[in-house]
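The values are calculated or read from the model by the stated rules, or taken from the named source; none is laboratory data. These figures come from a predicted structure and were not determined experimentally. Note: ideal-geometry Cβ built from the backbone for every residue, glycine included; neighbour counts use all protein chains shown. SASA here: full protein model, heavy atoms, side chains in, ligands and nucleic acids out. Shrake-Rupley method; radii C 1.70, N 1.55, O 1.52, S 1.80 Å.
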Amino acid sequence: MKKIRLFKPDLTSQELKAVARVFKRSWIGQGPEVVKFENEFKRFVKSKNAIATNSGSAALHLAVSAFNFKKGKNILVNNLTFVSSANGVLFNNLKPILIDCDPVTLGFDLEDAKKKINKNTVAIIVVHYGGHPAEMEKIMLFAKKNKIKVIEDCAHCIGGSYKGKKLGTWGDIGCFSFEEKKGLTTGDGGMIVTNQNNLVKPLKQLRWCGIEKDTWKRSKNLFINKRLKYDWYYEVSREGYKFNMNDLSASIGRVQLKRFRSLMSKKNSLIRYYIKKIQSINFNLLLPYDIQNNSYWIMGLKHKKRDLLMNHLNKNNISTGVHYLPLSKHPLYKKYDKGLKVSNNIWQEILTLPLHTGMSKKDIDRIAYCLNNFQK
Ligand SMILES: *Cc1c(COP(=O)(O)O)cnc(C)c1O
């Protein structure tokens, strides 16, 4: 019996050809492909600016850094998420305030945030868990009222919208991941989008070792007729990171973006079939799936005997996963565990099933058959 993988990137000869073209040019670092990918991506999400990074984690880290928050301030962030949602908070010497999840959507619980916000709170990092959109309209109202920033972690929801507006463009900054398991991949990679032009300069500087190319602090004599005399010249006035994307990754991303609609519709038809099958055998779906408007990354279940069920599926060559062990359960974040009743329990019941475009309906039949056997 063939193993059914949990995730699998969808790569074709088109991506390979794009990489070959970059090879031929012998410019594989950050170059024209990155610029084109950024331009295409910003049109895709209808954002004014897009800045490519070498990972989604880097994008989230830079998003927090860009605001220059004062040390020790608080940022609200989902508890049921991948560590990278919150790591950027720690890297910036800020304090993560973990927010519980809604028991139905498993996403950001605004009511919990209302209890935990105080005068030290400067921002929210909201994760669109599994691809199901957070209630951005209410969250933005809450943020405006309290004068705090909003960063959207869109690692799971590429292509998704909420009330007709693309996810990633509701908040001040949106961060995407193109890691190999995500809905669009560049191997590793990420993207920051923002409609705020004033954030672009600091973000680009932070992305590339703190380098400022278009300013001159030291001497105005470096310019002749407004053009820089020294092409090589740059200045560094703050610490930056080496978080840029390269042309090899960008060339793959550009093809993936062109193919995105067809990838998404294939995935949606699998999800539709999954839902029908899972409901017919009376299992609980992980999320209130609404494929009409959303772009899902996780297909899953909730089950009281999750671990036994995982073993059973594993024995039948069906890969499964858990997304996620909540942040509060990691040694690094344990001390921030306060009032997280739902997420600290529900994670023991959640299970991720295989979902990728390499699957067929027959695979889902096999999975449903195994689930049904387990029930018996
Ligand atoms: C994948 C993921 C990230 C990080 O993305 P990388 O590209 O792997 O660094 C951040 N947040 C969430 C919720 C993720 O699932």
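Note: relative contact order over the chain, using C-alpha pairs below 8 Å and six or more positions apart, is 24 percent.
If you filter the range 48-96 for trypsin sites (Lys or Arg not before Pro), then keep DSSP loop positions with at most 14 other Cβ within 10 Å, what is left? Could the numbers behind the result be given before it?
Values: sites: K48, K70, K71, K73; in loops: K48, K70, K71, K73.
Taking the range 48-96 and a limit of 14 other Cβ atoms within 10 Å, the loop trypsin sites (Lys or Arg not before Pro) found are K48, K70, K71.
A cut-off of 5 Å between modelled amide H atoms, ignoring neighbours fewer than 5 places along the same chain, links L94 with G72. Summarising the amide proton neighbourhood of Y162: residues at separation of 5 or more, or on other chains, whose placed amide H is nearer than 5 Å comprise L167.
How big is the charge dipole of the chain about its Cα centre, in debye rounded to the nearest 20, if each Lys and Arg gets +1 on its Cβ and each Asp and Glu gets -1 on its Cβ?
That gives the chain a dipole magnitude of about 440 debye.
Across the range 167-173, coupling constants 3J(HN,Hα) worked out from phi with the 6.51/-1.76/1.60 Karplus curve, θ = phi - 60°, read 5, x, 10, 6, x, 5, 9 Hz, and Gly and Pro carry x. Annotation: K3 carries an accessible surface of approximately 110 Å², with a 1.4 Å probe and no ligand, DNA or RNA atoms counted.
Largest mean-square fluctuation among G174, G164, G88, in a Gaussian network model of the chain whose springs join Cα atoms under 10 Å apart, belongs to G164. Just the Cα atoms of the range 78-123, one point each, no solvent: what log10 I(q)/I(0) does Debye give at q = 0.17, 0.19, 0.23 Å⁻¹? Normalising to I(0) and taking log10 leaves -0.51, -0.63, -0.87. The eigenvalues of the Cα gyration tensor, multiplied by 5 and square-rooted, give the chain an equivalent ellipsoid with semi-axes of 37, 27, 16 Å from largest to smallest.
Overall dimensions of the range 236-376, expressed as equivalent-ellipsoid semi-axes from the Cα gyration tensor (√(5λ), whole Å, largest first), are 31, 26, 14. Under a Gaussian network description of the chain, with springs only between Cα atoms under 10 Å, the residue in A134, A86, A143 that fluctuates furthest is A143. Kirkwood hydrodynamic radius computed over the range 142-184 comes to 11.2 Å, based on all pairs of distinct alpha carbons.
Based on DSSP, what percent of beta bridges with both residues in the chain are antiparallel, to the nearest 5? Walk me through the numbers on the way to the answer.
Details: 25 of 43 bridges.
The antiparallel proportion sits near 60 percent.
Please go through the residue pairs K36/K242; K42/K73; K17/K213; K3/K362 and name each one whose alpha carbons sit more than 22 Å apart in this structure. With Cα atoms farther than 22 Å apart: K42/K73; K17/K213. Exposure here means at most 10 other Cβ atoms within 10 Å; with chymotrypsin sites (Phe, Trp or Tyr not before Pro) in a DSSP loop as sites, the longest stretch of the chain lacking them is 1-229.
Work out, in µm²/s and without decimals, the Stokes-Einstein translational diffusion coefficient of the range 58-146 at 10 °C, 1.306 mPa s, Rh from Kirkwood over C-alpha pairs.
For the chosen part, D equals 121 µm²/s.
Over the range 1-136, accessible surface divided per residue gives 45 Å², non-protein components excluded, 1.4 Å probe. Ignoring ligands, DNA and RNA, what percent of the accessible area of the chain is carbon or sulfur (1.4 Å)? With neighbouring chains kept in place, the figure for the chain is 52 percent. Projected onto its three principal axes, the C-alpha set of the range 12-107 covers 48, 35, 24 Å, listed from the longest axis down. Could you tell me which of L355, N294, H330 has its Cα farthest along the dipole of the range 285-358 towards the positive end, charges placed at Cβ (Lys, Arg +1; Asp, Glu -1), taken about the Cα centre? Result: H330, furthest along the dipole toward the positive end. DSSP bridge analysis restricted to the range 66-194 gives an antiparallel fraction near 30%, rounded to the nearest 5.
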